[in-house]
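What follows is calculated from the coordinates using simple rules that are stated; it is not laboratory data. Everything quoted here is computed from the prediction, not taken from an experiment. All Cβ positions, glycine included, derive from the backbone under ideal geometry; neighbour counts span all protein chains shown.
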Amino acid sequence: MEQTANQSATRTESAPADQGRDRAVIIRTLDLAKIYGEGETATHALQGVNSIVYRGELIAIMGPSGSGKSTFFNMVGALDSPSKGRILIDEVDVAQLSAVELAFLRCRKIGYIFQSFNLIRYMTALENVTVPMSFAGVSPEEARRRGMELLDLVGIADRWDHRPIEMSGGQQQRVAIARAMCNLPQILLADEPTANLDLATGESILATLQRINQERGVTVICSTHDHRLLKMCDRIMWIRDGMVERVESRENIKIKVGTIGGEQA
Amino acid sequence: MKLIEAKKQINLGPARALQLALSGMLYRFFRSGITVAILCLAVAFLVHTLMHGLLTHATEFSAFREIREQRELGALVGRMSRPDSPGMVLDSLAEDRSTRLDEYRTWGRLEDDELAQVGETAKRILQAESYLESLPDDNRAILMGDADILTLLRRFQQRAQYELYLERVEQLALRHPLDGEADFRRLVQVEWPRLSEVLERIREGQNRAIENIREAYPGIGIRQLLIEPPDNFAEVLEQVGFAAQEIDFGRLSEFAAWAEDRQRLEAALTERMVHTALLRRMNVGSEDLSSIAVFNWLASRRGDPQWLSGLLSQSGVEIAPERLDGLADYFIRSDRLQEVAGVEPPTEEAGIFSLEGRLRWLILLAFCVCIVGVANAMLMSVTERFTEIATMKCLGALDGFVMMMFVFEAAIQGFIGGLVGIALGTLLAFARGFVEYGTLLTLTPQIVAQIALAALLSLVVGILLAVLAAVGPSLVAARLAPMEAMRVE
């Protein structure tokens, strides 16, 4: 098991070498492990993940359900603490941060997009978008202005005063993207953003993410089952049984695309 | 450029927390409504229990006072017709009731030191009595039979009787009253004869005084004198030794008039003709006709004072129909007062902190119901929003801000629930008081102040309960890592 972990680590390190070593590392995980429960019933969700995310890339994380994908996500997003190992965001160990610093990190450096949208039910679209800005100390007028801009960016400016319950899933996810973007984060974490959406809507959401990545240079980490993401992303990381199975850049995938399609079908 | 700078996250002020709490509550209108309803019921229960206790106390107290006044007026009428009983004199002597003492001093021609001496003896007699009363029933029966302390003292003047008593005390292995046998013997053989002689002197003096009143107004009954007191009546009373400055002649004459009319009615009721006619009219069996039964009949819808007045005048008793209605109201009220007042005199002061033990238990119980109900409601309100809390934390909310939101929400709910609960509880308490006591329900300024205090206290308790119940679960929720909170569903 140790060896597998080391092997995958080696591959992770070697993969970017092909792409260009001038790119800065934004997230690095070292031997990351998470165990739920104790003793006999303990579940090893992650068992030593070593990975690297570069600034400005769009990385897809794939893997069957129960592979530890979401757990990896939550660790990287500083939403949960690891049982073992370290997460370095911009070379800072997340475990060293105080509660207040963590809140600062979550508020301004990372944007979160969830599978189930997690909008606040009693707020309108615009209010949902402005909440993180108020946590960041932006004045209400400024927050409203920026909120409308962002809603315009994701294409639902006309629904700004609707509550989540009055919107379709796609629209809710667009609000969630606008909310994630509102404090100009450097990292966008999207945990299966299209899982609860139909195909066409899912595709347009993915396109929006890609646009944000390309136009604004935001690092996007996106876990998905959706293979359409593969043609948009820079790199793909496969996770299985709590370990990194392999990491490939898109150019390499194109060659093997038939195989992958065959595997999944 | 470093990703994480030394900057700290801004903690948003209470205004924003209040705003979020309010908009959240409005959105979950139904849910928060239920929480408010539970709080409202809890506070209403508390308020109702407190207020009902206060109202009951106030009503009982005022009823007791009114009854006591009536009894005193009745006693006053009696005292002007025949001398006070020895027991009554003894009580007055022991209690140092100054106005009575003045009267007795005049009638018994007592010197100050003599008065002090017999007062001391009276106290000792009452002390001995209370000891004998405290004995187990069978022992007391052997020692005293059904005699009271004065009878016993008179009996002990015969040596043989006293010897018998000593023998029985020995057999039963009892303690003697006061400080042992010698002390009690002194009471029986020295102090009692002296007191007995004084009591006799007082009795004679009072008899003489009554005789003097009769002579001053020849041909007029004492009751008639009380109903329509002559101009110089107070002076005449003073002259013969009655403490007339204490007497409210207005109230006394009113009371005497009611009592007089009642007596005339009762006399008429014993006549066969009136008796049978009234029984038939009232449609009751051949029972004894008490005056209170007639009053109740008059106060009911079937009552016919016009007819009764006519019937009474046939047997020579003239009472106007309006007067009959008035009599019915007065004596029914006084009957209800007796019921309400009970036997034990209530204490003077009524306050929410001095309610009797049984009530305290009830209030404690109300508290427990409050705490359980509110804690449950708050726990539900917080747990069903773990996802929301987690989301808020993902967006950069600090633990303190999350806490503040919940505390505000709880406080608002506590406040609204408290206000409605106070209204509801007050309404219930007064409705119940009115059903129980009717027009006898008494409100004094002191009780109103206590009721206001009870309401205020309940409001504070309601808010505190809500906040305290919310702090626990929201503290847990706010401290969880965001993802752990999201997993708890």
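Odds and ends about this structure:
- Highest average packing first - B:136-142, A:185-191, B:118-124, Cβ atoms within 10 Å: A:185-191, B:118-124, B:136-142
- Peptide A:117-126 has a mean shielding of 4, counted as Cβ atoms of other protein chains within 10 Å of each residue's Cβ.
- Shielding by partners - mean other protein chain Cβ count within 10 Å, residues of A:98-110: 6
- Antiparallel DSSP beta bridges within chain A, percent to nearest 5: 55 percent
- Relative contact order (%) - region B:18-157, alpha-carbon pairs under 8 angstrom, separation at least six: 15 percent
- Cα extents of region A:22-123 along the three principal axes, largest first (Å): 45, 40, 30
- Remark: B:98, A:223 ranked as B:98, A:223, counting other beta-carbon atoms within 10 Å and listing the fewest first.
- Given A:34/A:109; A:231/B:393; A:84/A:231; A:109/B:393, the pairs whose alpha carbons are separated by over 25 Å: A:231/B:393; A:84/A:231
- In percent, rounded to a whole number, the relative contact order of chain B is 34, using alpha-carbon pairs under 8 Å and six or more apart.
- Full-stretch length increase - residue B:434, residue B:263 - with 0.36 nm per residue and alpha-carbon distance subtracted: 58.4 nm
- Exposed loop sites were defined as GluC sites (Glu not before Pro) in DSSP loop states (anything but H, G, I, E or B) carrying at most 15 other C-beta atoms within 10 Å; in chain A the longest segment without such a site runs A:92-265.
- Multiplying each eigenvalue of the alpha-carbon gyration tensor of the protein assembly as shown by 5 and taking the square root yields semi-axes of 96, 32, 22 Å, largest first, rounded to whole angstroms.
- Fewest neighbouring Cβ atoms within 10 Å first, the residues B:333, B:194 line up as B:194, B:333.
- Nearest-0.05 FRET efficiency for residue B:211 and residue B:146, computed from C-beta distance (R0 35 Å): 0.55
- Kirkwood hydrodynamic radius over Cα pairs of region B:251-341, then Stokes diffusion coefficient at 20 °C and 1.002 mPa s, in µm²/s: 160 µm²/s
- Sorted by Cβ neighbour density within 10 Å, fewest at the top, the residues B:96, B:399: B:96, B:399
- Estimated [θ] at 222 nm from DSSP helical runs (n ≥ 4, -39500 (n - 2.57)) normalised by residues in the protein assembly as shown, nearest 500: -21000 deg cm²/dmol
- With kT/(6 pi eta Rh) evaluated at 4 °C and eta = 1.567 mPa s, and Rh the Kirkwood radius from Cα pairs, region B:81-241 diffuses with a coefficient of 73 µm²/s according to Stokes-Einstein.
- Farthest toward positive dipole pole in chain B [+1 Lys/Arg, -1 Asp/Glu at C-beta], among B:437, B:366, B:22: B:22
- Fully extending the segment from residue B:69 to residue B:452 would add 134.9 nm, taking 0.36 nm per residue of separation and subtracting the current Cα-Cα distance.
- Long hydrophobic helices in chain B: the complete DSSP H runs spanning 18 Å or more by Cα along their own axis with mean Kyte-Doolittle hydropathy of at least -0.5 are B:14-27, B:29-79, B:249-269, B:357-383, B:399-437, B:445-479.
- Farthest toward the positive end of the dipole of the protein assembly as shown, out of B:415, A:62, A:94, is the Cα of A:62, where the dipole comes from beta carbon charges about the Cα centre.
- Value of relative contact order over region B:81-241, rounded to a whole percent, pairs C-alpha under 8 Å and six or more apart: 34 percent
- A Förster radius of 60 Å combined with the Cβ-Cβ distance from residue A:158 to residue B:339 puts the calculated FRET efficiency at roughly 0.20.
- Given their separation in residues at 0.36 nm each and the Cα-Cα distance between them, residue B:26 and residue B:200 gain 54.3 nm when the chain is fully extended.
- Estimated FRET transfer efficiency (residue B:481, residue B:443; beta-carbon r; R0 41 Å; 0.05): 0.10
- 10 Å Cβ neighbours from other chains, averaged over peptide B:22-31: 2
- Using a simple spin-label model with pseudo-atoms 7 Å out from Cα toward Cβ, residue B:304 and residue B:102 lie 5.4 nm apart.
- Distance from the alpha carbon centroid of region A:125-176 to that of region B:165-179 works out to 97 angstrom.
- Given +1 at the Cβ of Lys and Arg, -1 at the Cβ of Asp and Glu and no other charges, the dipole of the protein assembly as shown around its Cα centre is 4200 debye to the nearest 20.
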